[in-house]
Amino acid sequence: MTKKRRSQHWYGKLDKDGFIHRSWMKNQGFPDHAFDGRPIIGICNTWSELTPCNSGLRDLAEGVKRGVWEAGGFPVEFPVMSLGETQMKPTAMLFRNLLAMDVEESIRAYGIDGVVLLGGCDKTTPGQLMGAASVDLPSIVVSSGPMLNGKYRGQDIGSGTDVWKFSEAVRAGEMTLQDFMNAESGMSRSAGVCMTMGTASTMASLVEAMGMSLPTNAALPAVDARRMALAHLTGKRIVEMVDEDLKPSDILTKEAFENAILTNAAVGGSTNAVVHLLALAGRVGVDLTLKDFEIGSEIPLLVNCMPSGKYLMEDFCYAGGVPVVLSELKPFLRPATTVLNKDISEHYEGAECFNTDVIRPFDDPVKPAAGLRVLRGNLAPNGAIVKPSAATDALLETEAEAYVFESIEDLKANIDRDELPVTPETILVLKGCGPKGYPGMPEVGNMPIPAKLVKEGVRDMIRISDARMSGTAFGTVILHVSPEAQAGGTLALVKTGDRIRVSASKGELELLVDEKELDARRALWQPDDPHYTRGYAKLYIDHVLQADQGADLDFLVGKDTRLVTRESH
Ligand code: FES
Ligand code: MG
């Protein structure tokens, strides 16, 4: 070893500061040789009982520790803020950037040489990666892994996806409230993340495709013993990565992001991947824009998982998982270095598919050309997105009248009114749900279908907003309209009765109101009063970037890899 390890700037000092750093750590029973210059590996844990999806991470941390000790490193586990997607109000997304700050500053302030990121639930994976990328120490991910398949009355049911279906069935009078409640326990019956291809499994799949985890990390069920073994192997590998000085900036190249975009299309991944990848790219300094997502547009949907298909993550795992998908995408994948310090091809070489209905071959896909579409026009000058694999084809090319909800409260109060003036062709528009507006850009973009139409059997309509939607959700839902209404985007000016043109094939989203009329409306427009005037939420509202830039905070873009030299005593 030629260069002094980073951790030695804490634990290798033969003075008062070194004494303090070592002595207090020794109160946990670590022997002298733990501080002898071996790599010190931080295990950044988002375990929390309020993040049920990450409840298995304490066990996995033990697996990582075994591997770190075995490879001659010294593991130290530390907690960071945990974001429970299903538990936090107004939305866990409001706090993704706060987690990223927590991760970044924890890594920077402590005497560690490399980091294992233990996350899983939707925002925990991107938040941890963003924070780690901004310090750029060797880093690797171990995910929670999905829950076992949901089961209800002998059928497989999927996290989220079947919640939306059941709740519409109750509103349509096709399911009793008692049956609805009974399904709860069967849906979530083991540790782990949503077992649909929701945001958590999407992000885990993209992490694997970008080469930031060991192969098979995304799909192994949370409670599968092989995940514990994977944690152990990851602990071993991070020690080697420290010696190789293999950092996120070596792995998260433009090519790696392109591989993630291609993979997202093939797995039918969440629209949320867009904001997370854009934000992460901003941290590592990769020039990624919404336009880059178009390289996925022609990629077919290969993975037949909810919400775009019918199976669940357990099935995806047993069929072969992400390595099989990468192997099908081989002609398109870009060369990119991974945590193995090898090309991504090493992650899928020899991958075998054990169920070709769950992971379809490239020439017999679930759906052709399934990648996300980017829409632009006067209604979204900086872009909006739609996920064709989860949409109704016939609705993707439409011109119709809008019905506008001015806020989420307006929607909740009126969506079920019998006299709501809407038809199945109406385009539902919702304002005030962007990053600044809500704040935090919640997953309300898949607005419920108005009750009177649900009763007529309508199950999908075009919906447009500045919100996101859950990765487990489906429908012809146009999301992430940028700029958002609260930032003065054209969305703020739409009125009920205006005509809107949507063309996914041409990438268009036009409000068919002439410029003069829009100028007149703009002159009268006022933003709503902010919902928060102090604390982190105020900082967020004042500094959050728009969706097309990943909704990071403006001052968090980029990285600072300097070693902190000043001591606290
Ligand atoms: Fe945590 Fe879906 S709610 S992964
Ligand atoms: Mg979600």
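Filtered by the rule that a residue be in a loop (DSSP other than H, G, I, E, B) and buried (at least 24 other Cβ atoms within 10 Å of the Cβ), region 243-276 gives Leu252, Gly268, Gly269, Ser270, Thr271. Residues being within 27 Å of Ala537 (Cα to Cα) and not in a loop (DSSP other than H, G, I, E, B) are represented in region 68-83 by at least one member. May I ask you to say which residue of Lys65, Lys3, Lys13, Lys26 is assigned by TED's automatic domain parsing to the domain that holds Gly235 and of a type outside the set (Asp, Glu)? That would be Lys65, the only listed residue that is assigned by TED's automatic domain parsing to the domain that holds Gly235 and of a type outside the set (Asp, Glu). Candidates in region 129-151 are the residues that are in a strand (DSSP E or B) and among the hydrophobic types (A, V, I, L, M, F, W, C); of these, the one that is farthest from ligand 2 (Cβ to nearest atom) is Ile140. Annotation: of all residues in region 516-536 being of a type outside the set (D, E, K, R) and in contact (Cβ under 8 Å) with a residue 24 or more places away in the chain, the one that is surrounded by the fewest Cβ atoms within 10 Å (Cβ to Cβ) is Trp525. Right, Thr51: more than 23 Å from Leu233 (Cβ to Cβ), of a type outside the set (Lys, Arg) and under 23 Å from the mean Cα position of the chain (by Cα) or not? Considered against the rule, which asks whether it is more than 23 Å from Leu233 (Cβ to Cβ), of a type outside the set (Lys, Arg) and under 23 Å from the mean Cα position of the chain (by Cα), Thr51 comes out as yes. Does any residue of region 464-483 turn out to be within 30 Å of Cys305 (Cβ to Cβ), surrounded by 24 or more Cβ atoms within 10 Å (Cβ to Cβ) and of a type in the set (Asp, Glu)? Yes, region 464-483 contains a residue that is within 30 Å of Cys305 (Cβ to Cβ), surrounded by 24 or more Cβ atoms within 10 Å (Cβ to Cβ) and of a type in the set (Asp, Glu). With Asp548, Asp528 as the choices, which residue is at pLDDT 95 or above and in a loop (DSSP other than H, G, I, E, B)? The conditions single out Asp528.
One line per residue, one yes/no per condition, for (1) under 22 Å from Glu240 (Cα atoms); (2) surrounded by fewer than 19 Cβ atoms within 10 Å (Cβ to Cβ); (3) modelled with pLDDT of 95 or more:
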position	(1), (2), (3)
Leu14	no, yes, yes
Ile20	no, yes, yes
Lys26	no, yes, yes
Arg38	yes, no, yes
Gly42	yes, no, yes
Pro52	no, no, yes
Ser55	no, no, yes
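Considering only residues in region 92-121 that are assigned to a loop (DSSP other than H, G, I, E, B) and under 20 Å from Leu206 (Cβ atoms), the one that is nearest to ligand 1 (Cβ to nearest atom) turns out to be Cys121. Only residues that are on the phi > 0 side of the Ramachandran plot and either without any contact (Cβ under 8 Å) to a residue 40 or more places away in the chain or buried (at least 18 other Cβ atoms within 10 Å of the Cβ) (or both) were counted across region 325-355, and they come to 1.
Inclusion of Leu340 among residues that are at pLDDT 95 or above, aliphatic (A, V, I, L, M) and in a loop (DSSP other than H, G, I, E, B) is warranted.
Of all residues assigned to region 310-324, none qualifies as being in contact with a Leu (Cβ under 7 Å, 6 or more places away or on another chain), more than 16 Å from ligand 1 (Cβ to nearest atom) and touching a residue at least 60 places away in the same chain (Cβ under 8 Å).
Number of residues in region 459-473 that are within 18 Å of Asp393 (Cα to Cα) and either within 16 Å of ligand 1 (Cβ to nearest atom) or modelled with pLDDT of 95 or more (or both) equals 6. I'm trying to understand the selection: among the residues of region 190-213, which are away from ligand 1 (no atom under 11 Å from the Cβ) and either within 15 Å of Leu280 (Cβ to Cβ) or in contact with a Lys or Arg (Cβ under 7 Å, 6 or more places away or on another chain) (or both)? Those that are away from ligand 1 (no atom under 11 Å from the Cβ) and either within 15 Å of Leu280 (Cβ to Cβ) or in contact with a Lys or Arg (Cβ under 7 Å, 6 or more places away or on another chain) (or both): Ser205, Leu206, Val207, Glu208, Ala209, Met210, Gly211, Met212, Ser213. Residues in region 300-337 that are in a helix (DSSP H, G or I) and hydrophobic (A, V, I, L, M, F, W, C): Met313, Phe316, Cys317, Ala319, Val322, Val324, Val325, Leu326.
The helices (runs of 4 or more DSSP H) falling completely within region 152-239 that include 2 or more residues that are within 16 Å of ligand 2 (Cβ to nearest atom) map to 161-171, 199-209. Filtering region 537-548 to residues that are touching a strand residue (DSSP E or B) at 6+ places or on another chain (Cβ under 8 Å) and in contact (Cβ under 8 Å) with a residue 60 or more places away in the chain leaves Tyr540, Val544, Leu545, Gln546, Ala547, Asp548. Would you pick out the residues in region 492-508 that are at positive phi and surrounded by fewer than 16 Cβ atoms within 10 Å (Cβ to Cβ)? Once the filter is applied, which keeps residues that are at positive phi and surrounded by fewer than 16 Cβ atoms within 10 Å (Cβ to Cβ), region 492-508 yields only Gly497.
Scanning region 442-456 for residues that are closer than 14 Å to Met469 by Cα and either within 16 Å of ligand 1 (Cβ to nearest atom) or in contact with a Phe, Trp or Tyr (Cβ under 9 Å, 6 or more places away or on another chain) (or both) yields Pro442, Glu443, Val444, Asn446, Met447, Pro448. Pairing residues of region 108-128 that are closer than 23 Å to Ala34 by Cα and at pLDDT 95 or above with residues that are of a type in the set (Gly, Ala, Ser) and surrounded by fewer than 24 Cβ atoms within 10 Å (Cβ to Cβ), at Cβ distances under 8 Å and at least 6 apart in sequence or on separate chains, gives Leu118/Ala61. Taking region 150-182 only, how many residues are at positive phi and away from ligand 1 (no atom under 16 Å from the Cβ)? Counting residues in region 150-182 that are at positive phi and away from ligand 1 (no atom under 16 Å from the Cβ) gives 3. Pairing each residue of region 464-483 that is closer than 18 Å to Gly268 by Cβ with any residue that is within 12 Å of ligand 2 (Cβ to nearest atom) and among the aliphatic types (A, V, I, L, M), provided the two are 6+ apart or on different chains, yields C-beta distances under 6 Å for Arg468/Met441; Val477/Met469; Leu479/Met469. Scanning region 424-455 for residues that are assigned to a helix (DSSP H, G or I) and closer than 26 Å to Glu397 by Cβ gives Lys452, Leu453, Val454. Identify the single condition in (1) within 16 Å of ligand 2 (Cβ to nearest atom); (2) surrounded by fewer than 21 Cβ atoms within 10 Å (Cβ to Cβ) that Pro126 does not satisfy, given that it satisfies every other one. For Pro126, the failing item is (2). Inspection of region 33-49 identifies at least one residue that is closer than 30 Å to Tyr438 by Cβ, without any contact (Cβ under 8 Å) to a residue 60 or more places away in the chain and either within 16 Å of ligand 1 (Cβ to nearest atom) or assigned to a helix (DSSP H, G or I) (or both).
The values are calculated or read from the model by the stated rules, or taken from the named source; none is laboratory data. Predicted, not measured: the structure shown is a model, and the values here were computed from it. Virtual Cβ from ideal backbone geometry, glycine too; neighbours counted across all protein chains shown.
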